[in-house]
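Below is one structure; the comments refer to it alone.
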Amino acid sequence: MHDLSAAPQTDLSAYTTLRLGGPPGDLTVATETDQLVASVRNAASILLLAGGSNVVIGDGGFDGPVVLIRTRGIREVEPSVLRVAAGEPWDDFVSYAVENGYSGLECLSGIPGSAGATPIQNVGAYGAEVAHTIVAVHAYDRKSDTVRAMTPEECGFAYRASVFKHNDRYVVLEVDFRLERSDESAPIRYAELARNLGVEAGDRVPLRQARDTVLKLRAGKGMVLDPDDRDTWSVGSFFTNPVVSAAEWASLGLEAPHWPAADGSVKIPAAWLIENAGFPKGFAGDGVSISTKHTLALTNRGTGTTSALLDLARTVRDGVRDKFGVELHPEPVLVNCAI
Ligand SMILES: Cc1cc2nc3c(=O)[nH]c(=O)nc-3n(C[C@H](O)[C@H](O)[C@H](O)COP(=O)(O)OP(=O)(O)OC[C@H]3O[C@@H](n4cnc5c(N)ncnc54)[C@H](O)[C@@H]3O)c2cc1C
C-alpha cells in the first residue's frame, strides 16, 4: 500500500492504484481502531480508503471527509483462528499465514489492498474466495453506533459482493479467518493453477509452492502491483463475469466458454466477451488502455484521467452489449463518477 510516512497528499490519486482521483475534503489517517471508529462516528458522508485498489474516484475528488485506514495487527484469538486488523496489507497477512503453517489463504496471494476490504467484495482468485475462511467480521455499525461481530450469513457473501459493498453503514474493523494448521495448501480448485503446479484438481501442494506459483501467474497478467509497470495501474478486473439465467443463456445462442454458477445460472468470462467484441489487449483511449497483459484490466498509462478511463469502459461495455446482448457491470466501487 502507499507509504504514508510522507505528509498526507492533497490529491486522492496518491492513494489509488489507478493513480486517479481529485482533491479530498478533510483527510484523516487512522492507525488505531478506536480512532477509526471516532473518525467515522457522526459523519454524514465519508469516504473510507485503504489500499485504493478497488475504487475509481471522479476527477472532481471527494468533497467530504476521507479516512485512510492504516490499522495493523495479526493475532491468533483461538486455535487456528487469526484476527487481522482492517488496515493490514492483505498480502502481508497471506504471507504470514503461509510462513506460519496456516492453510487456506495461499491461493489469494498477491491481491493488492487491505485485509479489511476483502469482505467488501468477497475477494477471490484461483478458485478461492475469502468467504471460504471468514468466520466473523467485526464491524462498526454507523446506524446503531455499535461494534459487533457479524457472522458469514449476515455478511451476505456472493460472487464479488456482500452486504458491505455499495453500503456505507458498516466499517470493517477486524476480520477473523478460520484456517487449517497444515503445511499443505487447501485442495487446488482452479484448472490453470493445477496445470502450472503439475497436479490434478483437488490435490494439495506445499503452501509455499502454491503461493509462489500464484504470484508468478498473477505477475504474468499484470495482477501484482509494480510501480514501474503501467499494466498494473488498474483496479484489477474492471468488469465482473456476467451471470445469466439458464433461460437467458439459451436465448443468447452464444458459442462462448461458460461455466455453471449458483442456482443453475451460467457465468460467462467477461474477458472472452471483450476480446471477441473487438477490444484486444492494449486497446487504447486517451492516456488509458486495456492492459497489454490482461483484457479485463483498464489501466492508466500515466496521463489518463478518470473521465477518459470511464469513456473507455463505456466503449467496451456498449461494444459487448451490441455484439452479444450481454451487459457488463463494473467490479470496483465508483466514487463521484458513473459509467
Ligand atoms: C492489480 C490488481 C489486481 C487485483 N486482483 C484482484 C483479485 O484477484 N481478486 C479480487 O477479488 N480483487 C482484486 N483486485 C481488487 C482489489 O485489490 C480488492 O478488491 C481489494 O480487496 C481492495 O482493497 P483496498 O484496501 O484497496 O480497498 P479500497 O480500494 O481502499 O476500497 C474499496 C471499497 O471498500 C471500502 N472499504 C475499504 N476498507 C473498508 C473497511 N475497512 N470497512 C468498510 N469499507 C471499506 C471503500 O470505501 C471502497 O468502497 C485487484 C486490484 C488490482 C489493482
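The values are calculated or read from the model by the stated rules, or taken from the named source; none is laboratory data. This is a predicted model, so every value here is computed, not measured. Neighbour counts are summed over all protein chains in view; Cβ atoms, including those assigned to glycine, are modelled from backbone coordinates with ideal geometry. These accessible areas exclude ligands, DNA and RNA; they are computed on the full protein's heavy atoms, side chains included. Shrake-Rupley method; radii C 1.70, N 1.55, O 1.52, S 1.80 Å.
Bridging of Lys267 to aspartates and glutamates at a Cα separation below 16 Å is possible for Glu248, Glu255, Glu327, Glu331, once same-chain residues fewer than 8 apart are set aside. Extension gain, Val81 to Arg301: 0.36 nm times the residue separation minus the Cα-Cα distance gives 75.1 nm.
Per residue, the convex hull spanned by the alpha carbons of the chain comes to 137 Å³. Inter-part distance, the range 176-211 to the range 252-327, computed on C-alpha centroids, equals 30 Å. The fraction of accessible area contributed by carbon and sulfur in the chain is 48 percent, rounded to a whole number (1.4 Å probe; ligands and nucleic acids excluded). What translational D, rounded to a whole number of µm²/s, comes out for the range 28-141 from Stokes-Einstein when the hydrodynamic radius is the Kirkwood one over Cα pairs, at 10 °C and 1.306 mPa s? Translational D for this selection: 105 µm²/s.
Once a ≥ b ≥ c are taken as the square roots of the eigenvalues of the Cα gyration tensor of the range 156-302, is the result rounded (a/c under 1.5), prolate (a/b larger than b/c) or oblate (a/b not larger than b/c)? Intermediate values should be presented prior to the final figure.
On the way: a/c = 1.30, a/b = 1.14, b/c = 1.14.
It is rounded, given that a/c, with a ≥ b ≥ c, falls under 1.5.
Our summary of shape: the Cα atoms of the range 1-95 have principal axis extents of 47, 30, 23 Å, ordered from largest down, in whole angstrom.
Could you work out the helix-only [θ] at 222 nm for the chain, with each DSSP H run of four or more residues adding -39,500 (n - 2.57) and the total divided by the number of residues, to the nearest 500 deg cm²/dmol?
Values: 8 runs with 76 residues, N = 339.
Mean residue ellipticity at 222 nm (helix-derived): -6500 deg cm²/dmol.
Does anything in the range 108-151 have its amide N under 19 Å from the 7 Å Cα→Cβ label point of Asp34, and if so which residues? Within reach of a label on Asp34, which here means backbone N under 19 Å from a point 7 Å along Cα→Cβ, the range 108-151 contributes 139-141, 145-148. Accessible surface for the range 76-119, divided over its residues, is 25 Å² per residue with a 1.4 Å probe. Between Pro152, Pro227, Pro89, the Gaussian network model of the chain with springs among Cα atoms under 10 angstrom shows the greatest mean-square fluctuation at Pro227. Within the shell of other residues whose beta carbon sits under 13 angstrom from the beta carbon of Leu47, the net charge comes to -3, with Lys and Arg scored +1 and Asp and Glu -1.
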